[in-house]
């Protein structure tokens, strides 16, 4: 049986500098509520501290609020930048969320993608990946209930332990971010973590998805593990509408703001050329979808043909269109993309074809039954009834 592809979003978020930030954050919460009603399975929320666009500094705070507004959608940190935090306090925050959400939280980890964040904290980008590995390995021990003493050049723990056991057994699902370098794939393979491939649709001379997934599989094999493709999550930008013309008209609202931001910060693994029509270049390169549900279906099938089965496609939340058009795009995905990808309507189609294919005989049988019933009724009326005895 084919693996069911789940739907989700990756919410950095991206908000241009000409909007009120309070309203932007409230709108992000409203979006999660909307996705929960539509049946999306996952939403991952980023951590950033500079640049002005990606204005959620604490995904844990956002998740706590979103969990109170939703019923079933799973909520992930996308990601906690481990080098910026003491492992004990990080572990405690995630375990608290595990209890508050009754097991709906997912723990996404990474080294921190914006170099400007690291520089503000006096951390060299050359240190962050090693610190990510050191941090998560201590957190795993804390999740397991150990008392940990660990001396490092960036944190110290002395007889440290968590007060809470995980709500989820053995602990919340862990996924590691993977963009350009192989460090995410190596860490995922070593521990059997899920993989968040944030550059899955990008090309630019380096096949981040293919290379890093292969590294994860090879590393897992050397540690006696097998990578689970259902925990592979691919991220890509999408905006769809009933027609391509409408979709392209919609993204004129905010597409250029997004492209200019990426071009100026040179985010690793996701370069954008802001000259000309940058969004159209992304679409022409296969990195993004702007079009119809059929175009989105084609993108998923392209990724499946390249990668094989994977567990979740996370639409990159980008605010290229206004809020109403953005919500409509997510709804179109659930109505017309997900059912095709997961072949959920094949029994309905089979039932329709069977019923319509046999319609002449069914109609004849029903007609004959009606005629027989009428004849029986008429015969009963014509039959003399016995006289009543006084």
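Counting beta carbons within 10 Å around each of 327, 71 and listing the fewest first gives the order 71, 327. In terms of its alpha-carbon gyration tensor, region 127-174 comes out oblate; a/c meets the 1.5 threshold, while b/c is at least as large as a/b. Once Cα extents along the principal axes in Å is calculated for the structure shown, the corresponding label among (1) 69, 44, 39; (2) 71, 56, 32; (3) 109, 56, 44 turns out to be (3).
Relative to the longest principal axis of the chain, what angle (0 to 90°, nearest 10) does the C-alpha long axis of helix 87-100 take? The angle comes out near 20 degrees.
In terms of surrounding Cβ atoms within a 10 Å radius of their Cβ, 124, 152 rank from fewest to most as 124, 152. Cα axis of helix 346-357 to longest principal axis of the chain: angle in degrees, 0 to 90, nearest 10? Orientation of helix 346-357: about 20 degrees from the principal axis.
Each of 191, 377 was scored by other Cβ atoms within 10 Å of its Cβ. Listed from fewest to most, they are 377, 191. Taking square-rooted eigenvalues a ≥ b ≥ c of the alpha carbon gyration tensor, is region 66-193 rounded, prolate or oblate, where a/c under 1.5 means rounded and, failing that, a/b exceeding b/c means prolate? It comes out oblate by the Cα gyration axes.
Only Cα pairs under 8 Å and 6+ residues apart enter the sum, and on that basis the relative contact order of the chain stands at 16 percent. Residue 29 versus residue 374, label points 7 Å from Cα toward the beta carbon: distance in nm? Between residue 29 and residue 374, the simple spin-label model gives 6.5 nm. Reported to the nearest whole Å, the Cα centre-to-centre distance from region 47-63 to region 164-196 is 21.
Since every read-out is calculated from the coordinates, none of them should be taken as a lab result. Just so we're clear, the structure is a prediction, and the values are computed from it rather than from any experiment. When we count neighbours, we look across all protein chains shown, and the Cβ atoms used for this are built from the backbone with ideal geometry, even at glycine.
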